[in-house]
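Asker: Below is one structure. I have some questions about it.
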Amino acid sequence: MARRVIKNRLDDLAIFGGRPAFAERLHVGKPNIGDRQRLWERITGALDRHWLTNNGPYVQEFEHKLSQLLRAKHCVAVCNATIGLGIAMRATELSGEVIVPSFTFVATAHALLWHGITPIFCDIDPATHNIDPKRIEALITPRTSGIVGVHVWGRSCDISALTEIADDHGLTLIFDAAHAFGASYQGRMIGNFGRAEVFSFHATKFFNTSEGGAIVTNDDALAAKIRLMTNFGFAGYDRVVSIGTNGKMGELSAAMGLTSLESLDSFVTVNKSNYECYEEELRRVPGINMVRYDHQEKCNYQYVVIELDEELLHVSRNQLKEVLWAENVLVRRYFHPGCHRMEPYRSSSAYRELQLPETERLTERVLSLPTGMGVGREDIAQISAVIRLVVSQGREVHRRLSDTHAGDA
Ligand code: T4K
């Protein structure tokens with residue numbers, strides 16, 4: 001546990017010459033790791049079997065356990081969510097234009113473009129940070145084949161509204177559920193909505209297989225197609241029946257997944273307790289609002305996100321980020337600046353003029369704070385104390401950082 005570095009004055013801040021609050025960097029995405037002994041045993045098992053990939057016993061067991069947990073019919077483990085999204089898009093025959101939020105990790109948009117599909121970026125609802133269903137119909141054209149909803153921060157999209165729009169217009173609906181493993185919507189686990197949902201088990205996710213993901217669906221024919229596509233289209237030795245890629249999860253990742261599953265509850269418990277601790281520490285700070293979770297639903301609490309009101313704070317989000325980085329607290333500006341402001345989209349004539357006011361506003365206001373098993377109450381108290389100090393003297397911090405141009409980027 002870190003020893004508290006008391007900071008009362010602005011000169012105590014590392015950015016102004018003080019000692020950093022943390023001797024080592026505190027990351028947003030420090031991986032949670034389950035029981036190492038069980039992990040080594042499983043890895044040894046795979047090595048002893050000399051069976052490392054291609055639908056091995058761990059992958060099969062992992063898929064079975066995921067299906068049970070999500071109460072979904074089919075689960076195909078994949079090497080990462082980006083490939084998983086591409087496979088789900090191809091298997092559901094998305095083509096032409098697909099409506100997707102810009103406020104997401106760039107993988108969502110890239111997966112579409114990679115498959116020759118044009119992402120049509122839709123603005124978000126500022127209250128939920130998710131795609132705004134009210135803005136979708138205006139974007140539908142004869143070329144539109146589907147909608148990709150993203151459950152940002154693990155908070156589900158307005159699935160009912162999206163389903164209704166998709167049904168009314170004959171569109172395919174799939175979900176990027178990269179953030180939403182272990183979350184529910186109206187009491188039903190995420191993984192059961194749209195034609196398919198795709199989870200990420202990347203190292204930075206609260207539940208990880210180092211690299212990995214899963215495509216989940218209740219559609220038997222689609223599941224069979226996805227399984228083939230994940231394995232080059234092989235339907236048996238030497239028999240290729242469709243186009244496919246290599247999207248397989250290997251045995252070592254599945255060993256990690258099985259081990260992480262055994263600690264899933266404790267990961268969520270720690271995330272929730274960290275979340276509540278930040279909430280307590282930052283509750284009375286004017287201009288800082290925490291992204292809230294619906295406690296009636298199952299939540300994984302893996303993202304602790306604050307939304308900053310610059311007018312109240314007098315200091316910019318980027319300046320606060322610079323202050324915290326100097327303290328070795330590597331907060332992240334997910335998903336700055338929005339996909340439509342990233343290459344190759346922003347230089348393309350199709351997007352150059354595109355304005356998404358809510359997305360653009362939000363990408364200037366949010367910060368993700370470190371959480372997970374590697375972060376304790378004392379760390380959160382220390383981080384929050386720095387934030388409170390900055391906010392209490394926002395104008396002065398702004399002035400001093402403007403002189404040095406820190407936080408301009
Ligand atoms: N859709 C959505 C909505 C997503 O958020 C993502 C991924 C995807 C699709 C695609 O899923 P995958 O294909 O990755 O399965 C990170 C992750 O790389 C990415 O998986 C994640 N979303 C995104 C939100 O966050 P970066 O650019 O922040 O990664 P990076 O490497 O900077 O890691 C974040 C922090 O974690 C760093 O400060 C260092 C720390 N870290 C990282 C790794 C890998 C560790 O401490 N240990 C580690 O092993 O994207």
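Each value in this text was obtained by applying a stated rule to the coordinates, not by laboratory testing. Computed from a prediction, not measured in an experiment: that's the story for all the values here. Here the Cβ positions follow ideal geometry from the backbone for every residue, glycine too, while neighbour counts run over all protein chains shown.
Asker: Just the number, please: percent antiparallel of the DSSP beta bridges in the chain, rounded to the nearest 5.
Answerer: Around 55 percent of the beta bridges assigned by DSSP in the chain are antiparallel ones.
Asker: Continuing with this model, one more query. Once amide H atoms are placed 1.01 Å from N in the peptide plane, what residues at a sequence separation of 5 or more from Ile190, or on another chain, have their amide H within under 5 Å of its amide H?
Answerer: Placed amide hydrogens put Ala183, Ser184, Tyr185 under 5 Å from Ile190.
Asker: Now for a separate question. Please give the residues of the stretch 251-272, grouped as numeric ranges, whose backbone N is less than 15 Å from a label point set 7 Å along the Cα-to-Cβ vector of Ile43.
Answerer: Label zone hits: 251-260.
Asker: Count neighbours as other Cβ atoms within 10 Å of each site's Cβ, and list the GluC sites (Glu not before Pro) in the stretch 197-265 that are DSSP loop with at most 15 such neighbours.
Answerer: Those that pass, being in a loop and sparsely packed, number zero.
Asker: If you don't mind, another one. Could you size up the charge dipole of the stretch 1-155 around its Cα centre, putting +1 on the beta carbon of Lys and Arg and -1 on that of Asp and Glu, and report it in debye to the nearest 20?
Answerer: In total the dipole reaches around 600 debye.
Asker: Sticking with this structure for a sec: Run the numbers for Asp35 and Ala221: contour at 0.36 nm per residue of separation, minus the present Cα-Cα distance, in nm.
Answerer: Residue separation times 0.36 nm, minus the Cα-Cα distance, leaves 63.3 nm.
Asker: In whole angstrom, note down how far apart the Cα centers of the stretch 210-265 and the stretch 347-409 are.
Answerer: Rounded to whole Å, the Cα centres lie 38 Å apart.
Asker: In addition: Using a 10 angstrom cutoff on alpha carbons, build the Gaussian network for the chain and name the most mobile of Asp125, Asp168, Asp265.
Answerer: The residue that fluctuates most here is Asp168.
Asker: Between rounded, prolate and oblate, where does the stretch 117-156 land on the alpha carbon gyration tensor, with a ≥ b ≥ c its root eigenvalues, rounded for a/c under 1.5, else prolate if a/b exceeds b/c?
Answerer: The shape class here is prolate.
Asker: Please report Ile131, Ile243 as a ranked list, fewest other C-beta atoms within 10 angstrom at the top and most at the bottom.
Answerer: So the ranking, lowest neighbour count to highest, is Ile243, Ile131.
Asker: Gain in length, Phe232 to Leu52, computed as 0.36 nm per residue apart minus the alpha-carbon separation, to one decimal in nm?
Answerer: Between Phe232 and Leu52, full extension yields 63.1 nm more.
Asker: Name the shape class, rounded, prolate or oblate, that the alpha-carbon gyration tensor gives for the chain, where a ≥ b ≥ c are the square roots of its eigenvalues, rounded holds for a/c under 1.5, and otherwise prolate holds if a/b is larger than b/c and oblate otherwise.
Answerer: It comes out oblate by the Cα gyration axes.
Asker: Something else about it: Give the lysines whose C-alpha is closer than 23 Å to that of Lys272, dropping any in the same chain fewer than 8 places away, or say none.
Answerer: Lys30, Lys205, Lys298
Asker: For each of Met373, Met229, Met256, count neighbouring Cβ atoms within 10 Å of the residue's Cβ, then give the residues from fewest to most.
Answerer: Met373, Met229, Met256
Asker: Could I ask something else about it? May I ask what percent, to the nearest 5, of DSSP beta bridges between residues of the stretch 170-242 are antiparallel?
Answerer: 75
Asker: Please give the length that would be gained between Arg283 and Lys73 if that part of the chain were fully extended, namely 0.36 nm times their separation in residues minus their C-alpha to C-alpha distance (nm, one decimal).
Answerer: Result: 71.4 nm gained on full extension.
Asker: Then there's this: The stretch 1-57: which trypsin sites (Lys or Arg not before Pro) are DSSP loop and have at most 15 other beta-carbon atoms within 10 angstrom?
Answerer: Qualifying residues, ordered by number: Arg3, Arg4, Arg9, Arg25.
Asker: Return the calculated 222 nm mean residue ellipticity for the chain, to the nearest 500 deg cm²/dmol, obtained by summing -39500 (n - 2.57) across DSSP H runs with n ≥ 4 and dividing by the residue count.
Answerer: When only DSSP H runs of four or more count, the value is -11000 deg cm²/dmol.
Asker: Label Asp309 and Arg377 with points 7 Å out from Cα along Cα→Cβ: what is the distance between them in nm?
Answerer: Rounded to a tenth, the inter-label distance reads 3.0 nm.
Asker: Right, something else. Under 5 Å between amide hydrogens, which residues at least 5 positions from Thr104 or on another chain qualify, with H placed 1.01 Å from N in the peptide plane?
Answerer: Result for Thr104 returns Cys339.
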